[in-house]
Amino acid sequence: MRWLKENSLALAFLVMFLLAVGGQAVAGMLQYNDQQLAQGTEPVSLLKYVASSTFAVDVAENWQSEYLQFFLFIMLTVWLVQKGSPESKEPHKAGAESDEDQQIGRYADADSPAWARVRGIRLWLFSNSLGLVMGTIFLLSWLAQSVAGQAAYNSERLGDLRDPVSWGAYVTSPEFWNRSLQNWQSELLAVLSMVVLSIYLRQRGSPESKPVGAAHTSTGVEG
Amino acid sequence: MRFPLIVTALALTALTTVGCAVDTASPARAAEQFHAALAARQEAAACGLLARETADKLPDPGQDCAQALRELRLGPGGRATSVSVWGEDAQVRLAGDTLFLHRFSDGWRIRAAGCEPVRDLPYKCEVED
């Protein structure tokens with residue numbers, strides 16, 4: 001019970017993710033089968049739809065944009081600041097910060113992770129692990145989007161009695177960039193909104209907000 | 001723990017998309033059989049290889065599918081020179097024709113035949129749904 005409470009945030013998002021992706025699979029299959037019938041072709045099972053390029057590209061294009069959003073947010077907030085925002089550091093802390101501030105090397109605590117106490121490649125890797133993992137997942141998701149997208153796009157083109165296109169032609173096509181950019185713009189707007197609105201608005205009890213009574217000018221303070 | 005899971009999910013996504021082994025022989029065979037039937041004046045057999053929607057739309061009023069195919073006098077097909085399969089759809093280029101096929105539960109069926117390319121537009125086909 002205690003374990004559940006201590007991990008309730010991750011668990012809640014995991015359950016919501018599974019429900020949402022399951023719902024997307026069912027709704028996507030129903031929409032796909034509706035189109036199949038209209039085109040004189042056969043409906044597919046849920047399993048076949050989930051293994052299709054149509055489902056894969058829809059999933060991957062959203063994944064890549066979410067991981068890009070977090071990757072950019074993590075990396076840009078190292079150097080860029082926003083006065084008054086709890087999402088930002090205080091302006092004088094811009095940059096990678098000192099070893100003391102980051103509790104690494106001889107400034108590490110007794111309970112610091114092992115790789116924070118050593119020097120060299122392990123410290124560099126651990127110091128950048130969040131950005132590296134988010135960036136890698138973004139690139140892999142974007143690659144998956146391009147591969148699945150090409151397959152779905154070519155299936156559609158063959159259905160329209162048109163020649164299929166190569167991967168190179170697909171990743172320079174309006175279809176690929178429309179799918180990518182329409183997701184990117186919404187993610188970037190959401191981050192912009194969070195950075196700016198959190199200067200002036202509050203959510204009592206949320207660590208994503210400043211304390212209700214904090215000044216609009218105070219930066220890097222989380223409630 | 002979460003990272004390997006996500007990588008596995010992405011790899012599975014890519015694998016299911018690309019497919020392990022794409023069967024190009026079956027659509028090529030269906031396309032060759034269609035033209036072989038026409039060459040042998042077995043139009044009824046050729047009609048059996050058409051997608052239902054294509055076969056239904058082909059005849060003019062008062063005709064059946066076989067009569068309509070006979071009238072079209074499609075040129076010889078020949079051997080398959082290239083096959084593209086994406087999902088449930090395929091394009092088969094024969095020496096003398098380009099065909100578009102769809103995979104139904106009972107096998108590959110021809111959706112369009114006697115097709116000529118049109119720059120930046122869909123192929124123009126003598127037989128299509």
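Table for the structure above
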{"item": "Acute angle (nearest 10 degrees) that the helix A:8-38 long axis makes with the longest principal axis of chain A, alpha-carbon atoms", "result": "20"}
{"item": "Distance between modelled label sites at A:GLU222 and A:MET75, nm, 7 Å Cα→Cβ extension", "result": "2.1"}
{"item": "Volume of the Cα convex hull of the protein assembly as shown, divided per residue and given in Å³", "result": "192"}
{"item": "Shielding by partners, peptide A:214-221 (average Cβ within 10 angstrom, other chains)", "result": "0"}
{"item": "For A:SER166, net neighbour charge (Lys/Arg +1, Asp/Glu -1) across residues whose Cβ lies under 14 Å away", "result": "0"}
{"item": "Full-extension gain in nm, A:GLU42 to A:MET16, via 0.36 nm per residue minus C-alpha separation", "result": "6.2 nm"}
{"item": "Three-way shape call for segment A:59-109 based on the alpha-carbon gyration tensor, with the a/c threshold at 1.5", "result": "oblate"}
{"item": "Positive minus negative residues near A:GLY40 (Lys, Arg vs Asp, Glu; Cβ under 12 Å)", "result": "-1"}
{"item": "Chain pair B, A: total accessible area buried, heavy atoms, 1.4 Å probe, Å²", "result": "2600"}
{"item": "Around B:LEU121: net Lys/Arg minus Asp/Glu count, Cβ-Cβ under 14 Å", "result": "-1"}
{"item": "Chain A: angle of helix A:53-79 to the longest principal axis, Cα-based, in degrees nearest 10", "result": "20"}
{"item": "Folded to 0 to 90 degrees: helix A:174-200 orientation relative to chain A principal axis, Cα", "result": "30"}
{"item": "Segment A:101-117 - phi-based ³J(HN,Hα) in whole Hz, Karplus 6.51/-1.76/1.60, Gly and Pro as x", "result": "4, 8, 6, 10, x, 6, 8, 5, 7, 4, 9, 5, x, 4, 6, 7, 9"}
{"item": "R0 of 35 Å, Cβ-Cβ distance B:ASP106-A:THR136: FRET efficiency to nearest 0.05", "result": "0.20"}
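The values are calculated or read from the model by the stated rules, or taken from the named source; none is laboratory data. All values derive from a computational prediction rather than experimental measurement. Cβ: placed from backbone, ideal geometry, glycine included. Neighbour counts: every protein chain shown. Note: areas computed on protein heavy atoms with side chains; ligands, DNA, RNA excluded. Shrake-Rupley method; radii C 1.70, N 1.55, O 1.52, S 1.80 Å.
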